[in-house]
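Each reported figure results from applying straightforward, stated rules to the coordinates on display, with no laboratory input. The shown structure was predicted, so the numbers you read here are calculated from the model rather than taken from an experiment. Neighbour counts run over all protein chains shown; Cβ positions are idealised from the backbone, glycine included.
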Amino acid sequence: MYRITVKHTIEAAHRLLHPNSPAKCRNIHGHRWVVELTLAGSVLDERGMVVEFGQIKQAWKSWLDSHLDHVLILHEKDPLLKAILSVEPNHRIYYLAGEPTAENLAQLLYNQAQKIIEDMPGVWVEKVQVAETESNIVECLGKAVVAFDYNSLASTEIALASGNFIEQLQSTRA
Ligand SMILES: [Zn+2]
């Protein structure tokens, strides 16, 4: 069996909403998130590859850059979401149906990685690692038992695609 890993770095801000989260995490703050995607496969193609690095890197980096790089990542219930968009409608915000922790981001990225490799037979996602600092590192190895529905993340992507966050918010809250 082979494992291949691609690494990409994004810069994004977030804050946690839960009152029991550490106070400093409830302030908006930024991280240089280092994201590593590890794929695995046991069959090599005619080129001697599990999958071509370039193909994965392009899909992976472009998704990360267009959705999470230089954005503010918030819980969808965070009052800052509407507040910021009401004065800055084009502000890049990515909102999750749960807390924007490294764990939830890793799960989101794990799910996204599975979509990227859908048409790559014999390849599976081994893990997604998200490091928010040099010493704070989370690995997602599969579907987590979570307190919220990840399917609702779909609405986030629609909002980003349309670029009209306010309209999306109003329609999803209606
Ligand atoms: Zn943080």
Cα to Cα, under 17 Å, and not fewer than 8 places away if on the same chain: which lysines meet these conditions relative to K7? K57, K61, K127
For every other residue with a beta carbon closer than 12 angstrom to the beta carbon of R32, add +1 if it is Lys or Arg and -1 if Asp or Glu, then tell me the sum. -4
Report the net charge of residues surrounding T5, where surrounding means a beta-carbon distance below 13 angstrom and charges are Lys +1, Arg +1, Asp -1, Glu -1. +1
Quick one: D119, D78, D69, D45, fewest Cβ neighbours within 10 Å first, how do they rank? D119, D45, D69, D78
Rounded to a whole number of µm²/s, how large is the Stokes-Einstein D of the range 13-127 at 25 °C and 0.890 mPa s, given Rh as the Kirkwood radius over C-alpha pairs? 154
